[in-house]
Amino acid sequence: MCKILVTDGMNRNAVNNLRKFNIDVEHKFYDGMELGEKLKDKEVLVIRSKNVITKEIIDKACEGNTLKLIIRSGVGLDNIDVEYANKKGIKVFNTPNASTRSVAELTIGQIITLSRFINISNITMRHGQWNKTKYVGTEIFGKTLGIIGLGRIGKTVAKMAHDLGMNIIYYDILGEMNSCEDYTFCNFEEVLKNADFLTIHIPLERNQGYLIGRKEFNMMKDRVYFINHARGGLVCEKALIEALDNGKVEATALDVYEEEPKVNLELVNHPMVSPTPHLGASTVEAQERIGKEIVKIIYNFLVEEEIIDDMKIAL
Ligand SMILES: NC(=O)C1=CN([C@@H]2O[C@H](COP(=O)(O)OP(=O)(O)OC[C@H]3O[C@@H](n4cnc5c(N)ncnc54)[C@H](OP(=O)(O)O)[C@@H]3O)[C@@H](O)[C@H]2O)C=CC1
Ligand SMILES: O=C(O)C(=O)CO
């Protein structure tokens, strides 16, 4: 029987589907060396963002000689030492398409939240304040949205924002994109300098360092709206707080943080911050799609390894 360890939650339908293949699914959070130990008799590990899969954990797991597959429910593989896992013969998969729409919708939601003081109004009204004249916002129609990273999520945000009347400028390491003629490709600095709203949608690479620090904030337009739903490690939180305090950044929305799940109270208590606790993919629909993708990956793996016959089960 194939044994799977799921450390950080999985859609119920997906678990039920896996059980059709006579798979033993253990559902429990383990971390560090304890996780390595628990993996000694498992073929598959399914994680989300809570675990960091290091060389040491992989080495410990490999003592059991069973682990063949690690699946990241979601997109970012920055919490897995993929190169080392592959070197040890362990395949690593993610579910790249399942959460695109959900992250993009959250981003659009936050763009409007920031521009209309929704977050700070929620908070101050609960304290009995009626700040009608203080919170005069701005329409997003006709404003320029700068996107760093025009991949799956960046493109979806671009389409939605363009449909709402925003002008889109973007920078992507891949250069100018075909079929994106409604949007203007610029270099990184030009995007920073010209965006009224700026949003980041790139992966965090190992040892990359900050993409946005004090120097980059200083290059931005005064009173820019800044959104990071990609990875906390891309943005220097200290520099962001400075930029909020000196008015360079008008307001910011964050879904990801330098240290998770630790809450940086100085940052999230700032009146011009709209924080969410890494909720980008937290929708019923995204989790269902992620679950389906995981079942497919595991099913293909079981067939490939000849653990089950290709039963052509409708997934
Ligand atoms: N908040 C949340 O819950 C979620 C956050 N995410 C984050 O969003 C990120 C983006 O996801 P997704 O859009 O699906 O990924 P994609 O790979 O589809 O898009 C990322 C794009 O950015 C490009 N890129 C990479 N590095 C740079 C760089 N330094 N400067 C400019 N462009 C760059 C990539 O090029 P290339 O292909 O050459 O690398 C690619 O075109 C994920 O990596 C993840 O960290 C994802 C899902 C949920
Ligand atoms: O899929 C991702 O990369 C996320 O951050 C959500 O877990």
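Quick notes on this structure:
- Magnitude of the charge dipole for the chain, about its Cα centre and with charges confined to Cβ atoms of Lys, Arg (+1) and Asp, Glu (-1), is about 620 debye.
- Hits among lysines - C-alpha to C-alpha of Lys248 under 24 Å, sequence gap 8 or more where chains match: Lys132, Lys134, Lys143, Lys193, Lys215, Lys221, Lys238
- Estimated 222 nm signal from helices in the chain, with DSSP H stretches of n ≥ 4 weighted -39500 (n - 2.57), rounded to 500: -10500 deg cm²/dmol
- Rounded FRET efficiency, nearest 0.05, which uses the C-beta distance separating Asn13 from Lys40 and R0 of 41 Å: 0.90
- Size of electric dipole in region 4-162: Cβ of Lys, Arg +1 and of Asp, Glu -1, about Cα centre, debye, nearest 20: 740 debye
- Accessible surface of the chain, 1.4 Å probe, proportion on carbon and sulfur as whole %: 50 percent
- Pair Glu139, His162: separation of 7 Å Cα→Cβ label points (nm): 2.1 nm
- Considering only Thr156, Thr252, Thr184, the Gaussian network model of the chain with Cα springs below 10 Å gives its largest mean-square fluctuation to Thr184.
- Taking θ as phi - 60° and the Karplus parameters 6.51, -1.76 and 1.60, the scalar couplings of region 219-226 work out to 7, 6, 4, 5, 6, 6, 9, 10 Hz in sequence order, x denoting glycine and proline.
- Cα-based shape type of the chain, given that a ≥ b ≥ c are square roots of the gyration tensor eigenvalues and the cut on a/c is 1.5: prolate
- Anisotropy class of region 53-196 from Cα gyration tensor, a/c 1.5 cut: oblate
- Taking θ as phi - 60° and the Karplus parameters 6.51, -1.76 and 1.60, the scalar couplings of region 282-292 work out to 8, 10, 4, 5, 4, 5, 5, 5, 4, x, 5 Hz in sequence order, x denoting glycine and proline.
- Bridging of Lys60 to lysines at a Cα separation below 23 Å is possible for Lys3, Lys28, Lys38, Lys40, Lys42, Lys50, Lys68, Lys87, Lys88, Lys91, once same-chain residues fewer than 8 apart are set aside.
- Each part reduced to its alpha carbon centroid, region 38-95 and region 120-154 end up 39 Å apart.
- In nm, spacing of pseudo-spin labels at Phe29 and Asn65 (7 Å Cα→C-beta vector): 3.4 nm
- The residue list Phe185, Tyr171, Gly146 was ranked by how far each Cα lies along the charge dipole of region 125-197 toward its positive end, using unit charges on Cβ atoms, and Gly146 comes out on top.
- Summed residue charge, Cβ within 14 Å of Gly165's Cβ, Lys/Arg positive, Asp/Glu negative: -2
- Chain lengthening between Asn131 and Ile173 when straightened (0.36 nm per residue, less Cα-Cα): 10.9 nm
- Region 265-282 residues near the modelled Asp245 label - backbone nitrogen below 17 Å, point 7 Å along Cα→Cβ: 265-273
- Rolling a 1.4 Å probe over the protein heavy atoms gives region 152-279 an accessible area of 50 Å² per residue.
- Gyration tensor verdict on region 175-255 (Cα atoms; rounded if a/c is under 1.5, prolate if a/b is larger than b/c, oblate otherwise): oblate
- Using alpha-carbon coordinates, inclination of helix 100-115 to the longest axis of the chain, degrees: 20 degrees
- Relative to the longest principal axis of the Cα atoms of the chain, helix 152-163 runs at roughly 40 degrees.
- Accessible-area order (highest first, 1.4 angstrom probe) of the listed residues Tyr84, Tyr170: Tyr84, Tyr170
The values are calculated or read from the model by the stated rules, or taken from the named source; none is laboratory data. Nothing here was measured: the structure is a model prediction, and the numbers come from that model. Using ideal geometry, Cβ is built from the backbone for each residue, glycine included, and neighbour counts are taken over all protein chains shown. We work out accessible area using only protein heavy atoms, side chains counted, and drop any ligands, DNA or RNA first. Shrake-Rupley method; radii C 1.70, N 1.55, O 1.52, S 1.80 Å.
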